[in-house]
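Rule-based calculations on the coordinates, nothing more; no lab input. Because the structure is a prediction, the values reported are computed rather than measured. Cβ placement follows ideal geometry from the backbone for every residue including glycine, while neighbour counts extend to all protein chains displayed.
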Amino acid sequence: MGLLKSSIGRKFAMALSAFFLMFFLLQHFAINITSIFPDNGATFNKLSHFMGTNGLVQYVMQPILIFGVVFHFVMGFILELKNKSARKVSYAKNNGAANSTWMSRNMIWSGLAILAFVVLHFIDFWFPEINTKFIQGDWSGLHDGEFRYFHELQHKFLSPIRVGAYIIAFVFLAMHLLHGFNSAFQSVGANNKYTKGLKTFSKIYAIGIPVGFIIIALFHHFNH
Ligand code: HEM
């Protein structure tokens, strides 16, 4: 792939995968926030069942998502390694704070924290889901005659350790997004009269989405 051979091409591809994941995160949030609606999980159950059994979502969007996640992580590592090796002799004085933010210099670390979270999150939710549907062949979404999704979600957030780990991960997510969103806009050249508006939008997204996820986790921990 020619695009990935140049440094600019790699940054561009990284930005595209970032936008895609940010779009996923928004829809993931929009569905999960319904779990705190005062309808005892009815909306969340309906949406989860649709997403979990719809052919387009399962066989087209889900594989694209998994590819997007893996691509973003692999490309992140490649960019980090290339950036490091681009300058064999390190600066005599690395006065990073003078011209870059702490977050921008630590994308790899916040990224690794999110990767650890994604592994935990897959063990918690995604693998059991794959097991129920693809291994046991149960696509009914039912347990004891009722939709199972809401109860499974509530159950996961009983443990204070899991809730704590999730909250720490969401703080890292906010840090990653705070720099990542702006950086992605820069990489695709969106550096024009809209920059100020884009920056404001990035900030609202980067803080709003993780805070929203924290609220969901805490809500289920304290209400069950
Ligand atoms: C309180 C916060 C969250 C809750 C309650 C939650 C809930 C869930 C649930 C129930 C699933 C299983 C969906 C299924 O396959 O049927 C899932 C999957 C997934 N989650 Fe989350 N999630 C949260 C936060 C996040 C965050 C912050 C990320 C990314 C950084 C994330 C990434 C994913 C991914 C990649 C999948 C697998 C893809 C898929 O849905 O098929 N989640 N999540």
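For this structure, a couple of remarks:
- Scanning the range 149-178 for residues that are within 11 Å of the ligand (Cβ to nearest atom) and in a loop (DSSP other than H, G, I, E, B) returns a single hit, PHE157.
- Yes/no for PHE201 being closer than 26 Å to ALA15 by Cα, within 11 Å of the ligand (Cβ to nearest atom), surrounded by 13 or more Cβ atoms within 10 Å (Cβ to Cβ) and among the aromatic types (Phe, Trp, Tyr): no
- In the range 156-185, the residues that are in contact (Cβ under 8 Å) with a residue 24 or more places away in the chain and under 19 Å from MET75 (Cβ atoms) never reach a residue that is more than 9 Å from the ligand (Cβ to nearest atom) and of a type in the set (Lys, Arg) with C-beta atoms less than 7 angstrom apart, at least six apart or across chains.
- Enumeration of residues in the range 19-61 that are at negative phi and not in a helix (DSSP H, G or I): PHE37, PRO38, ASP39, ASN54
- Verdict on GLY189 being loosely packed, with under 13 Cβ neighbours inside 10 Å, under 30 Å from ILE8 (Cβ atoms) and more than 9 Å from the ligand (Cβ to nearest atom): yes
- Of the residues making up the range 117-147, those that are closer than 27 Å to VAL69 by Cα and of a type in the set (D, E, K, R) number 4.
- Single unsatisfied condition, ILE108 versus (1) loosely packed, with under 13 Cβ neighbours inside 10 Å; (2) closer than 28 Å to PHE71 by Cα: (1)
- Enumeration of residues in the range 180-199 that are in a helix (DSSP H, G or I) and over 17 Å from MET107 (Cβ atoms): THR195, LYS196, GLY197, LEU198, LYS199
- In a residue-by-residue description of the range 200-220, the property of being over 18 Å from TRP126 (Cα atoms), in a helix (DSSP H, G or I) and touching a Lys or Arg at 6+ places or on another chain (Cβ under 9 Å) applies to at least one position.
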